[in-house]
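The values are calculated or read from the model by the stated rules, or taken from the named source; none is laboratory data. Every value quoted in this text rests on a predicted model; they were computed, and no experiment measured them. Here the Cβ positions follow ideal geometry from the backbone for every residue, glycine too, while neighbour counts run over all protein chains shown. Protein only, heavy atoms only, side chains kept; ligands, DNA and RNA dropped before computing areas. Shrake-Rupley method; radii C 1.70, N 1.55, O 1.52, S 1.80 Å.
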There are 2 protein chains.
Amino acid sequence: MTDSAARASRDEPPQGPPATARVQQIVAAARVLLEEHGWEAISMRTVADRLGIRAPSLYKHIAGKEELQAALVADGLREMGAALHGCVADAGVLDSSDAADRAARVRALLGTYRRHALANGAMYRLATSGPLRREVLPDGLEEWAGRPFWLVTGDPIRAQALWAATHGLAVLELDGRFPPGSPVDKAWAATAWAFA
Amino acid sequence: MTDSAARASRDEPPQGPPATARVQQIVAAARVLLEEHGWEAISMRTVADRLGIRAPSLYKHIAGKEELQAALVADGLREMGAALHGCVADAGVLDSSDAADRAARVRALLGTYRRHALANGAMYRLATSGPLRREVLPDGLEEWAGRPFWLVTGDPIRAQALWAATHGLAVLELDGRFPPGSPVDKAWAATAWAFA
DNA sequence: CACCACGAGCTAACAGTGTTAGCCTGGCTC
DNA sequence: GAGCCAGGCTAACACTGTTAGCTCGTGGTG
């Protein structure tokens, strides 16, 4: 990878229009609830409670629950993207086409992805599940978050396939859909091997 | 594969305890709503409306909305499983370890999976997303539905990895998460190739 | 200084949700 | 015929997101 490409991969994530301090507090409160008790625990009243105000007052600052969700989704994508970009940056020289290097990069990316998704289950699910309302997301954020897959595979098609496989593993593991006691580590390893 | 194993792969799906006619009508009504307007259109009142009764009357037949959902999930898994089992049955002799045959089987299975998931979006999402409450599902149904992956890959670990990759592609495509205009077909093909 | 505007809180209310309690009625059985 | 019970009903509760309209304090302006 060239020097400029390396810098580009470290680029800051696309930011949306800046939020007021109060909006940031609201999103932060929702996030605490999300991480502690899951999305279903987030209601306009519970969020308002955490701030010591009543639910209707929230509407002085945000348009509705959908906007709150969109803000959390954007945060989730930014954090996921930051983790993945950090991983490919750490991997050092990326334009090596040596097969062993490539396999190591794929393994590292998948490891980072898995750790991040499992450590931030509710945020990950929120950010990656269900239809994406692109119009309420900062421009280019989604593409930025997925770019590490492109950087590691060197090909947009393989990048999408690897991303989908990785996402599938993450959601199934998060949701406990693998049969109890099955060696999930090995399924991750098999995926890395298949795409290396 | 032995003859008995081939028969086993055609086995009928595990059935739960038989439902009364009225319960079947309730589930059918919910299913129509699900397919026409998505899960969020299903409320106890809308389901009851379709049957010409009031919502509380539903509770004479089913324990609650969760049980309704569980019945739909079981239906979804049975139908998905039937499609996949049909695919591997059609593929004929399955114990061939010829690489080309294997690749063709993987391609066929992924094609069937994709068609089924896209043609039954709401049911697919319902059956495969979110935590699975195994205790309310017929015993062995989940394992039965996933067995075609095992039959095609010949290995439980690779089966899980392939299943996860396939699921990832399906949900991302269903949810429109691939960048607009991107060649999703090729991502499916790349996945089949990676696991062949 | 007086005034006014506006930001940001409040209460009351509405329509919708899942669910429970309790009532009623028609048909089957003894 | 008497009684039971399956399967409907209404009323109600506690929740949800959201709107309308009021109030109060603060900052800027004539």
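The residue of region A:147-179 that is farthest from B:A159 (Cα to Cα), among those that are surrounded by fewer than 23 Cβ atoms within 10 Å (Cβ to Cβ) and more than 8 Å from every other protein chain (Cβ to nearest Cβ), is A:R147.
When region A:69-97 is limited to residues that are modelled with pLDDT under 90 and of a type in the set (D, E, K, R), the one that is farthest from DNA strand D (Cβ to nearest atom) turns out to be A:D95. Scanning region A:27-54 for residues that are outside any helix (DSSP H, G or I) and within 13 Å of DNA strand D (Cβ to nearest atom), we see that the one that is surrounded by the most Cβ atoms within 10 Å (Cβ to Cβ) is A:I42. Where helices (runs of 4 or more DSSP H) sit wholly within region B:98-196, those with at least 2 residues that are at pLDDT 90 or above and aromatic (F, W, Y) occupy B:141-153, B:184-195. Suppose the filter is touching a Gly at 6+ places or on another chain (Cβ under 6 Å) and under 19 Å from A:V27 (Cβ atoms); does A:A165 pass it? Taking the combined requirement at face value, the residue does not satisfy it.
For A:K60, indicate whether it is within 14 Å of chain B (Cβ to nearest Cβ) and within 13 Å of DNA strand D (Cβ to nearest atom). So A:K60 does not fit the description; no. Filtering region B:166-192 to residues that are closer than 21 Å to B:E79 by Cβ and among the small types (G, A, S) leaves B:G168, B:A170. Cβ-Cβ distances below 7 Å connect the following pairs, each with a first residue in region A:56-79 that is over 12 Å from A:G16 (Cα atoms), a second residue that is within 13 Å of DNA strand D (Cβ to nearest atom) and outside any helix (DSSP H, G or I), and a separation of six or more residues or different chains: A:L68/A:I62. The set of residues in region A:7-26 that are within 24 Å of A:G140 (Cβ to Cβ), open to solvent by less than 30 Å² (accessible area, probe 1.4 Å) and part of a helix (DSSP H, G or I) comprises A:S9, A:V23. All conditions but one from (1) more than 14 Å from DNA strand D (Cβ to nearest atom); (2) away from chain A (no Cβ under 14 Å) apply to B:E66; the one that does not is (2).
Restricting the first member to region B:113-141 and to residues that are more than 15 Å from B:A71 (Cβ to Cβ), and the second to residues that are in a helix (DSSP H, G or I) and of a type in the set (G, A, S), the beta-carbon pairs closer than 6 Å and six or more apart or on different chains are B:H116/B:A83; B:A117/B:A170; B:Y124/B:A117.
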